[in-house]
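Asker: So that we are looking at the same thing, I have put the structure below in structure tokens.
The values are calculated or read from the model by the stated rules, or taken from the named source; none is laboratory data. The structure displayed is predicted, hence computed values, not measured ones. No Cβ is skipped: glycine too gets one built from the backbone with ideal geometry, and neighbour counts run over all protein chains shown.
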Amino acid sequence: MSQKPSDTQLPKTGQLVLTGYMFGIGWGLGGYCPGPALAGLGFGSGETIAFVAAMLLGMIAARRSSKFFSRLAWRTKSSA
């Protein structure tokens, strides 16, 4: 028998689904898996360098948005 997720688990599930879609779209558009892209930096291809730069910017944006959404969720719960 499965258990219903608690209110604190639901935002994390949505965040996981959203970031999974973003990861897949980036992988599909760039044509690189993150691991081989890092290894491919050794070849000095401009395409690989651009992909890794975009990947790093995406990591920074994900971290900042995660902090923002966790603060937003905390405010929503405290005002309810």
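Asker: Filtering the stretch 23-40 down to residues that are surrounded by 13 or more Cβ atoms within 10 Å (Cβ to Cβ) and assigned to a helix (DSSP H, G or I), which residue is farthest from the chain's Cα centre (by Cα)?
Answerer: If we take residues in the stretch 23-40 being surrounded by 13 or more Cβ atoms within 10 Å (Cβ to Cβ) and assigned to a helix (DSSP H, G or I), then GLY40 is farthest from the chain's Cα centre (by Cα).
Asker: Right, THR19: at pLDDT 85 or above and surrounded by 10 or more Cβ atoms within 10 Å (Cβ to Cβ) or not?
Answerer: Judged against the criteria, THR19 is not a match.
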